[in-house]
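Trainee: Dropping a structure here in structure tokens format, bear with me for questions.
Derivation of every value follows stated rules applied to the coordinates shown; laboratory data play no part. Not measured: the values here are computed from a predicted model. Cβ: placed from backbone, ideal geometry, glycine included. Neighbour counts: every protein chain shown.
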Amino acid sequence: MKVHHQTIEVSTTGKGTYSITEAVRDAVKQSKIHNGTVTIFVQHTSCSLVIMENADPDARTDLHAYFDKLVPENEPYFIHTYEGPDDMPSHIRMVLTGCSEVVPLINGDLALGTWQGLFLFEHRVASHHRRVLVTVMGN
Amino acid sequence: MKVHHQTIEVSTTGKGTYSITEAVRDAVKQSKIHNGTVTIFVQHTSCSLVIMENADPDARTDLHAYFDKLVPENEPYFIHTYEGPDDMPSHIRMVLTGCSEVVPLINGDLALGTWQGLFLFEHRVASHHRRVLVTVMGN
Amino acid sequence: MKVHHQTIEVSTTGKGTYSITEAVRDAVKQSKIHNGTVTIFVQHTSCSLVIMENADPDARTDLHAYFDKLVPENEPYFIHTYEGPDDMPSHIRMVLTGCSEVVPLINGDLALGTWQGLFLFEHRVASHHRRVLVTVMGN
């Protein structure tokens, strides 16, 4: 059994989803592991990791709009506000969407469905440098 | 260390939750692996995998009703609409609930709590044929 | 490859988030495993496991308030109500936030980001005794 850890760095320029499927596939190839699991883990509390429809970018536009509505800025009861109005919503959006995924690794490739893509979901307005850990484990 | 992959096929007939606990337990038995983890992964972007109360079906009825309210159809700002009004809500509901779970495998069985069941959560109205991957890894 | 299972017991005294980061770190140390993954799994359907900002407790106060608003008690359409008004919302909040996380294990430690903490998110008003399974797998 082998374990391979690799860090992917993602530069984000505002709220939205950033595809990391190819970067994760590259990490899997470098691991030379063929069967097992791939754990993808975002080391932050104001962005998330999601699996989402990868074909029509309109679907992601609607997803972003929905989350802006679901977790609004400037809720009168928010007290964690010193980092700006997008700070507290970013933590809540992260909790609602999660920061990790585990994808089966079969015959050397991520076993994603046809329409599934891996995306870093950035919840902050300012540019950020994000770290995503990929852990490949198996034979 | 051994790795065992198996595919479960689920035929869905409209929105709702479909129990897959027994099918996953069968895959675990066939793996002959006794200690490790079981990764359950749905290969789609319009249904999800959830762990939910397995005793009273009313709890799942309320869950379905809640999600219909939380992510309504026909939001005026939706632009990803060509596959019908249940399409975009299905992607959002999937992002909110996730498409994978990892359950500890102890002494040959899924270490679920007494009231936990594994369910495929279908978000589309039309009938679908769904694929769920089960990856058992351990000793 | 080694597998180490350990149970953490958490006594909760009402709704809110309870830090379990140190208890999980202790389980990891006892496993003597250095590289792989750590799966943390809550065996209940009315509390969840979340990764959340660990520095400012105000962020968690806002998170609790947000969930009270997002999933209200006493929705007129709820039919699963015999265990009290906090029962059905607890199941929905669990589905929205999930009951497991997988964190990479690198050089003997959980690879959490600087501001990430592991919390049991209790959704019931009454005191409960909760069980969290930690499965460490790797070399």
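Trainee: Sort out which residues of segment B:43-59 are part of a loop (DSSP other than H, G, I, E, B) and either buried (at least 17 other Cβ atoms within 10 Å of the Cβ) or without any contact (Cβ under 8 Å) to a residue 12 or more places away in the chain (or both), and write them in order of number.
Mentor: B:GLN43, B:HIS44, B:THR45, B:SER46, B:ASN54, B:ASP56
Trainee: Is it true that some residue in segment A:111-123 is surrounded by 15 or more Cβ atoms within 10 Å (Cβ to Cβ), on the phi < 0 side of the Ramachandran plot, in a helix (DSSP H, G or I) and of a type in the set (Gly, Ala, Ser)?
Mentor: no
Trainee: Are any of the residues in segment A:92-100 touching an Asp or Glu at 6+ places or on another chain (Cβ under 7 Å), under 21 Å from C:MET52 (Cα atoms) and surrounded by 22 or more Cβ atoms within 10 Å (Cβ to Cβ)?
Mentor: yes
Trainee: Looking at C:HIS34, is it in a loop (DSSP other than H, G, I, E, B), within 12 Å of the chain's Cα centre (by Cα) and touching a residue at least 60 places away in the same chain (Cβ under 8 Å)?
Mentor: Criteria not met by C:HIS34.
Listed here are the residues, each with its yes/no results for (1) at the interface with chain A (Cβ under 8 Å from one of its Cβ atoms); (2) assigned to a helix (DSSP H, G or I).
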{"residue": "C:THR61", "(1), (2)": "yes, yes"}
{"residue": "C:PHE67", "(1), (2)": "no, yes"}
{"residue": "C:PRO72", "(1), (2)": "no, no"}
{"residue": "C:HIS80", "(1), (2)": "no, no"}
{"residue": "C:PRO85", "(1), (2)": "no, no"}
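Trainee: Can you confirm whether A:THR97 is of a type in the set (S, T, N, Q), within 22 Å of C:THR97 (Cβ to Cβ) and free of Cβ contacts under 8 Å to residues at least 60 places away in the same chain? Before you say what the answer is, go through the steps one by one.
Mentor: Details: of a type in the set (S, T, N, Q): yes; within 22 Å of C:THR97 (Cβ to Cβ): yes; free of Cβ contacts under 8 Å to residues at least 60 places away in the same chain: yes.
Spelling it out, A:THR97 is indeed of a type in the set (S, T, N, Q), within 22 Å of C:THR97 (Cβ to Cβ) and free of Cβ contacts under 8 Å to residues at least 60 places away in the same chain.
Trainee: Further question on the same structure: Could you tell me how many of the residues in segment B:103-123 are without any contact (Cβ under 8 Å) to a residue 40 or more places away in the chain and within 24 Å of B:ASP62 (Cβ to Cβ)?
Mentor: 2
Trainee: Among the residues of segment C:99-116, which ones are out of contact with any strand residue (DSSP E or B) (no Cβ under 6 Å at 6 or more places or on another chain) and under 26 Å from C:THR13 (Cβ atoms)? Full working, then the answer.
Mentor: Looking only at segment C:99-116, we keep the residues that are out of contact with any strand residue (DSSP E or B) (no Cβ under 6 Å at 6 or more places or on another chain), and these are C:107-109, C:112-114.
Within segment C:99-116, just C:LEU112 meets the criteria.
Trainee: Taking the options C:ALA126, C:ALA65, name whichever one is free of Cβ contacts under 8 Å to residues at least 60 places away in the same chain and farther than 18 Å from B:HIS64 by Cα. Before the answer, list the steps.
Mentor: Working: C:ALA126 fails: free of Cβ contacts under 8 Å to residues at least 60 places away in the same chain.
From the options C:ALA126, C:ALA65, the qualifying one is C:ALA65.
Trainee: Going through C:VAL24, C:VAL71, C:VAL50 one at a time, which residue ends up being within 14 Å of C:GLY117 (Cβ to Cβ) and in contact with a helix residue (DSSP H, G or I) (Cβ under 6 Å, 6 or more places away or on another chain)?
Mentor: Being within 14 Å of C:GLY117 (Cβ to Cβ) and in contact with a helix residue (DSSP H, G or I) (Cβ under 6 Å, 6 or more places away or on another chain) holds for just one of C:VAL24, C:VAL71, C:VAL50, which is C:VAL50.
Trainee: What residue, among those in segment B:11-22 that are surrounded by fewer than 19 Cβ atoms within 10 Å (Cβ to Cβ) and touching a residue at least 24 places away in the same chain (Cβ under 8 Å), is farthest from the other protein chains (Cβ to nearest Cβ)?
Mentor: Result: B:THR13.
Trainee: Here is a further query. Hey, B:LEU133 hits all of (1) under 19 Å from A:VAL50 (Cα atoms); (2) away from chain C (no Cβ under 13 Å); (3) not in a strand (DSSP E or B) but one; which does it fall short on?
Mentor: Unmet for B:LEU133, out of (1) under 19 Å from A:VAL50 (Cα atoms); (2) away from chain C (no Cβ under 13 Å); (3) not in a strand (DSSP E or B): (3).
Trainee: Based on what the data block shows, is C:ILE40 in a strand (DSSP E or B), β-branched (Val, Ile, Thr) and in contact with a Ser or Thr (Cβ under 9 Å, 6 or more places away or on another chain)?
Mentor: When the stated conditions are applied, C:ILE40 passes them.
Trainee: Now, a different point. Could you tell me whether B:HIS123 is under 22 Å from C:GLU75 (Cα atoms), more than 7 Å from chain C (Cβ to nearest Cβ) and touching a strand residue (DSSP E or B) at 6+ places or on another chain (Cβ under 8 Å)?
Mentor: yes
Trainee: A further question on this structure: Those residues that are more than 8 Å from every other protein chain (Cβ to nearest Cβ) and hydrophobic (A, V, I, L, M, F, W, C), I need them from segment B:43-54; list them, please.
Mentor: B:CYS47, B:LEU49
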